[in-house]
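Following: one structure in structure tokens, then a few remarks.
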Amino acid sequence: MSSKRKVCIIGAGPCGMTALFHFDQISDPSTEVVCFEKSDTWLGLWNFTWMTGTDEFGELCHGGMYKHLWSNGPKEGLEYPDYTFDDHYGKAIPSFPPRRVLRDYMEGRLVKKSKSDLKRYIKWNTVVRYVTYNQKSDVFTVTAEDLKTGRTFENKFTHVIVATGIFNNPNKPTFDGIETFPGRTIHSHDFRDAAQFKGQRVLVVGASYSAEDVALQCLKFGAKSIVTSYRSKPMNFKWPSGIEERPLIKKIDGKMINFIDGSSAEVDSIILCTGYKYSFPCLEDNLRLVSTLSVYPAGLYKGSLWLNDGNRKLFYMGTQDQYFSFTMFDAQGLWICRYITGTLPNEPKNIEEMKKEEQKWVQRRKNVKDCHDDIDIQADFIKDLSDGTGYHPDAPNAVELFHKWEHDKMANIVTYRDQPFKSVFSGTMAAQHKPWFQDFDDSIDSFVN
Ligand code: NA7
């Protein structure tokens with residue numbers, strides 16, 4: 001291989017695209033970048049498909065996006081400092097946009113703020129099958145398949161960035177009697193349209209973001225009733241009439257769900273909102289991150305650089321549970337790009353120092369008491385990434401928005417999306433909007449105008 005750096009980005013979702021964006025900004029002549037993307041478009045999860053299970057190529061459907069998804073966090077907490085929502089839409093818009101509005105915003109930045117056409121770096125419909133690293137030659141071999149031609153090929157790279165996401169491999173627990181349940185049972189990864197549950201009594205299993213939103217969506221789109229079932233602790237929101245919480249399932253008997261507190265409920269459908277398992281099947285064992293969902297998964301210096309096999313040329317993006325999401329990916333993409341191109345001041349040379357630093361964060365994460373502590377960790381993580389890169393210093397300030405947002409949710413889970421927030425970058429206060437629960441039009445035009 002020549003002395004040029006050759007960087008492989010796996011995945012053109014919001015993470016992979018911010019890495020690409022920053023490489024394009026820096027335009028380092030000795031760094032070549034290639035991005036392999038399994039689908040035919042960018043921004044990953046933020047695309048909607050009707051398909052579930054496998055796609056048109058027989059590949060596993062990656063994303064679990066559903067129709068009518070509106071952001072569950074304030075847009076002011078995931079804004080790009082160099083391209084605000086004001087910059088894109090030219091005016092104040094409300095704080096909790098539908099999927100299309102967010103996708104359009106991200107695309108706007110990629111198109112309008114890039115130095116060149118970012119699509120030229122991307123190999124579409126190309127799935128990475130395997131990545132190996134050879135210590136002797138200090139080179140990664142990436143085996144990929146062009147899904148359209150069926151041709152498999154190998155390319156050599158000096159660096160690899162894994163940006164394939166963490167919400168694609170559903171965690172599917174089983175329950176006594178579930179095999180004989182006569183209704184429909186799906187995981188939230190396959191949930192596409194709440195309208196399909198109109199008139200039904202629905203059991204939602206889980207007590208986190210998907211459970212909360214799927215339950216509300218089903219109610220909004222006309223489900224008769226929703227029972228949610230928690231394992232560790234209830235969500236404890238002030239639920240509207242039609243939604244109630246129960247503890248874990250003990251046994252399913254026909255349509256009757258029996259819970260461990262002795263109560264029962266008859267339901268027509270079950271939606272498992274039981275989260276995801278981290279899955280990076282295309283990496284060889286010693287390169288593969290194994291973790292449960294966390295705001296600071298272990299094994300990554302600066303939450304990004306793979307430490308476990310010592311080569312320090314493999315990076316993971318977006319493996320953190322997310323509050324700041326796009327902003328965090330952006331700060332991370334910039335850090336990775338600057339690290340690879342050798343333009344970061346003061347980075348430790350010694351891997352032991354890096355491991356010590358990583359352990360500080362992992363220990364801090366172990367001691368969190370609640371979501372507010374996780375939010376603080378993520379704000380500090382962004383600050384930590386930004387210190388060497390000069391990323392916008394106001395980015396971590398959105399932390400206060402997230403604390404307020406958590407309180408808004410506890411105050412009223414139906415109306416929290418109607419609250420306006422102020423951008424930490426533009427200072428613009430969000431516009432008001434028709435209440436989310438009554439708004440069935442998630443077109444860009446309706447939302448923005
Ligand atoms: P999460 O946040 O990982 O939550 C998964 C939920 O599923 C959580 O409440 C778990 O309970 C519950 N769970 C997992 N296994 C079981 C079993 N066996 N029985 C009952 N309940 C179970 O995933 P989400 O899909 O909600 O959210 C993913 C991301 O989407 C989120 O971070 C946002 O960024 C958007 P536990 O609390 O572990 O007992």
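Observations
- Summed side-chain charge close to Asn236 - residues other than Asn236 whose Cβ falls under 15 Å, Lys, Arg +1, Asp, Glu -1: -1
- Considering only segment 178-272, percent of DSSP beta bridges that pair antiparallel, nearest 5: 30
- Of the chymotrypsin sites (Phe, Trp or Tyr not before Pro) found in segment 3-64, the ones in coil according to DSSP and having at most 14 other Cβ atoms within 10 Å of their Cβ are Trp50, Phe57.
- With all protein chains in place and a 1.4 Å probe, the accessible surface of the chain carries 49 percent carbon and sulfur.
- Extended-chain gain in nm, criterion 0.36 nm per residue less alpha-carbon gap, Asp309 and Leu248: 18.0 nm
- Estimated distance in nm for a label pair at Phe440 and Asp380, the labels positioned 7 Å out from Cα along Cα-to-Cβ: 4.7
- For the chain, the longest principal axis of the Cα atoms and the long axis of helix 351-366 meet at an angle of about 10 degrees.
- Tilt relative to the chain, helix 399-411 - C-alpha long axis, 0 to 90 degrees, to 10: 10
- In order through segment 299-314: 3J(HN,Hα) via Karplus (6.51 cos²θ - 1.76 cosθ + 1.60), integer Hz, x for Gly, Pro: x, 10, 6, 6, x, 9, 9, 5, 9, 6, 10, x, 7, 6, 9, 10
- Whole-Å distance, taken between Cα centres, linking segment 359-379 and segment 418-448: 30
- Phi-based couplings in Hz for segment 280-290 (Karplus 6.51, -1.76, 1.60; Gly and Pro marked x): 10, x, 8, 10, 5, 3, 6, 9, 8, 6, 10
- Placed amide H near Leu283: partners under 5 Å, 5+ positions off or other chain: Val131
- About the centre of its Cα atoms, segment 206-363 shows a dipole size close to 80 debye [charges on the beta carbon of Lys, Arg (+1) and Asp, Glu (-1) only; nearest 20 debye].
- Assuming charge only on the beta carbon of Lys and Arg (+1) and of Asp and Glu (-1), the dipole of the chain about its Cα centre is about 440 debye to the nearest 20.
- Considering only beta bridges that DSSP places wholly inside the chain, some 50 percent are antiparallel.
- Rolling a 1.4 Å probe across the protein heavy atoms gives the chain an accessible surface of 42 Å² per residue.
- Close amide H pairs (under 5 Å, H built 1.01 Å from N) link Val139 with Asn134, residues at least 5 positions away or on another chain.
- Length gained when the stretch Ser208-Glu32 is fully extended (0.36 nm per residue, less Cα-Cα span): 59.3 nm
- Stretched out straight at 0.36 nm per residue, the stretch from Met51 to Lys156 would grow longer than its current Cα-Cα span by 34.5 nm.
- In this simple spin-label approximation, Val362 and Asp193 carry label points 7 Å from Cα along the Cα→Cβ vector, and these lie 4.6 nm apart.
- Pairs from the table (Lys91/Lys112; Lys75/Lys355; Lys91/Lys434; Lys233/Lys355; Lys67/Lys238) lying more than 28 angstrom apart at Cα are Lys75/Lys355; Lys233/Lys355.
- Segment 85-197, relative contact order [Cα under 8 Å, separation at least 6], %: 12
The values are calculated or read from the model by the stated rules, or taken from the named source; none is laboratory data. All values derive from a computational prediction rather than experimental measurement. All Cβ positions, glycine included, derive from the backbone under ideal geometry; neighbour counts span all protein chains shown. To get the accessible areas, we keep the full protein, side chains included, count just its heavy atoms, and leave off ligands, DNA and RNA. Shrake-Rupley method; radii C 1.70, N 1.55, O 1.52, S 1.80 Å.
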